[in-house]
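Data first, discussion second: the structure below is written as structure tokens.
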Amino acid sequence: MPKSSEVPGFYRRSIAERREFVREWAGLSEEEARVYDFPPGVDPGVLDRMIENVIGVMPLPLGIATNFTINGKDYLIPMAIEEPSVVAAASNAAKVARAAGGFHAQSTAPVMIGQVQILHVPDPAAARLRILDQKEELLAAANAKDPVLVKFGGGAKDLEVRLLPSPRGLMLVVHLLVDARDAGGMNAVNTMCEALAPEFARLAGGKAVLRIISNLAVHRLARARATFPAKLLHTDTASGAEVVDAILDAYAFAVADPFRCATHNKGIMNGISSVVIATGNDFRAIESGAHSYAAWTAREGTSVIRPLSTYEKDKDGNLVGTIEFPAPVGLIGGATAVHPTAKANVKVLGVKGARELGEVLAAVGLAQNFAALRALATEGIQRGHMELHARNLAASAGAKPDEVDRVVARLLQDHQIRFDKAKEALEELRRGGG
């Protein structure tokens, strides 16, 4: 009889009962099912309340990037990511930047955008003015929904009204601008939009449909810049000046070509997202906002998307990098406030507010991007990356800690970084052949 995924009351079962059901469904052995066990120090009840139908955990490697100095303050950066070389690359880039004073970062006020969509408006231009005429009253009504946020200096600050052509006709879209302070802002913004939607619809003479926060947080930006001294960039085959020019050529490629730009920005997000995950923030929101911002800011350019970073050469021939992107992260609420590992990571990071966290993200993103461009422009990105990948393959093939280095050496020597070759190298080693 075919198995059915229709499981009435699955959410009512305990974690152990759900796990046993899944184990039987998939034919997992007891040993295989133990990978879902909760690590020491993590309360299963906390995670069971974070999402639905919990059966266990899926840990990511958590590393610490070193050498970072940002606005004159030193940081250890927790990074949760499965990809090899990212943590090492960020640490190395931070060391280079440190020689010229480290990263200098800044951020704008933590203002988020809430959107309310109004349809079937008979006189949209006049409706726009009717809404703007009532701006102060509407903002007061929004702030009445979150007096605590207002008490700490946040709350609804402004309104924008857009007339938006669409495949379904002209839409009137109201933007509610909310200072979220040290929160991500989703709950506060969505609550305010829900509360004001009927009044927006009444003033416009139309029908309110969507009321939701936007992840394109163009008013909540994080920025960073750093100088990478040319004298520290030389290789065995190229001078520092030549490496600077090669990096500038690689950057120009990303500016001109969306196919390259997508990978350029992905490298930036390797750094940013790993810190976002480590601190319990919403990495999907950050990724969506960053990539949308890259397209939004490219409207006047030659490509459909632009790099989140820029690179220039200063008067002394050094490489100067900058970065800017939306950073709607928070330290209040969500997983950051309840997940024990996230709370510990925030303490290690030592940030005192959401804006400081955004500035750290900007510095890490720039460091990661510089490291990738430097590798691509000189030795190629595969050398260091594949060495770390070879270590993963050796471990996956069953190599013990004292065997890993010899298996990796064999893979690199043969220039065949593959799982089957790792198995062969390990078997030969254990037969006494290496």
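The values are calculated or read from the model by the stated rules, or taken from the named source; none is laboratory data. These numbers were taken from a predicted model, which means no experiment stands behind them. Ideal geometry is used to build each Cβ from the backbone, glycine not excepted, and the neighbour counts take in all protein chains shown.
Quick rundown of the values:
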read-out	value
Of all residues making up region 70-81, the number that are surrounded by fewer than 16 Cβ atoms within 10 Å (Cβ to Cβ) and either part of a strand (DSSP E or B) or among the basic types (K, R) (or both)	3
Filtered residues of region 17-54 (kept if more than 26 Å from K343 (Cβ to Cβ) and among the aliphatic types (A, V, I, L, M))	V22, A26, L28, A33
Listing of helices (runs of 4 or more DSSP H) fully contained in region 85-194 that carry 3 or more residues being within 30 Å of V244 (Cβ to Cβ) and at pLDDT 95 or above	86-98
Among the candidates V150, V173, residue that is in the same structural domain as M186 (by TED's automatic domain parsing) and more than 12 Å from C193 (Cα to Cα)	V150
Flag for L47 being surrounded by fewer than 19 Cβ atoms within 10 Å (Cβ to Cβ), touching a strand residue (DSSP E or B) at 6+ places or on another chain (Cβ under 9 Å) and either under 27 Å from D282 (Cα atoms) or β-branched (V, I, T) (or both)	no
Answer from V42, V46 - the residue that is assigned to a helix (DSSP H, G or I), assigned by TED's automatic domain parsing to the domain that holds A16 and out of contact with any Asp or Glu (no Cβ under 9 Å at 6 or more places or on another chain)	V46
In region 300-331, residue farthest from N281 (Cα to Cα) [restricted to those that are touching a helix residue (DSSP H, G or I) at 6+ places or on another chain (Cβ under 6 Å) and among the β-branched types (V, I, T)]	V304
Filter pass, V7 being in contact with a Ser or Thr (Cβ under 8 Å, 6 or more places away or on another chain), assigned to a loop (DSSP other than H, G, I, E, B) and not assigned by TED's automatic domain parsing to the domain that holds T341	no
Qualifying positions in region 391-427 - surrounded by 14 or more Cβ atoms within 10 Å (Cβ to Cβ), of a type outside the set (A, V, I, L, M, F, W, C) and in contact with a helix residue (DSSP H, G or I) (Cβ under 8 Å, 6 or more places away or on another chain)	R391, E403, R406, R410, K421
Some residue of region 330-352 being at positive phi, in a helix (DSSP H, G or I) and surrounded by fewer than 24 Cβ atoms within 10 Å (Cβ to Cβ)	yes
Residue in region 13-30 that is surrounded by 17 or more Cβ atoms within 10 Å (Cβ to Cβ) and assigned to a loop (DSSP other than H, G, I, E, B) present	no
Members of region 269-285 found to be in contact (Cβ under 8 Å) with a residue 60 or more places away in the chain and either surrounded by 24 or more Cβ atoms within 10 Å (Cβ to Cβ) or of a type in the set (D, E, K, R) (or both), listed by number	G271, I272, S273, S274, V275, V276, A278, T279, G280, N281, D282
Among residues of region 165-218, those that are surrounded by 17 or more Cβ atoms within 10 Å (Cβ to Cβ), more than 26 Å from E287 (Cα to Cα) and in contact with a strand residue (DSSP E or B) (Cβ under 8 Å, 6 or more places away or on another chain), counted	9
Candidates A298, A375, A363, A367, filtered to the one that is assigned to a helix (DSSP H, G or I) and either farther than 17 Å from I247 by Cβ or β-branched (V, I, T) (or both)	A363
Any pair with Cβ under 9 angstrom, 6 or more apart, that starts in region 368-386 at a residue that is closer than 18 Å to L248 by Cβ and ends at one that is modelled with pLDDT under 85	A372/I381; A375/I381; A375/Q382; A375/R383; A375/G384; A375/H385
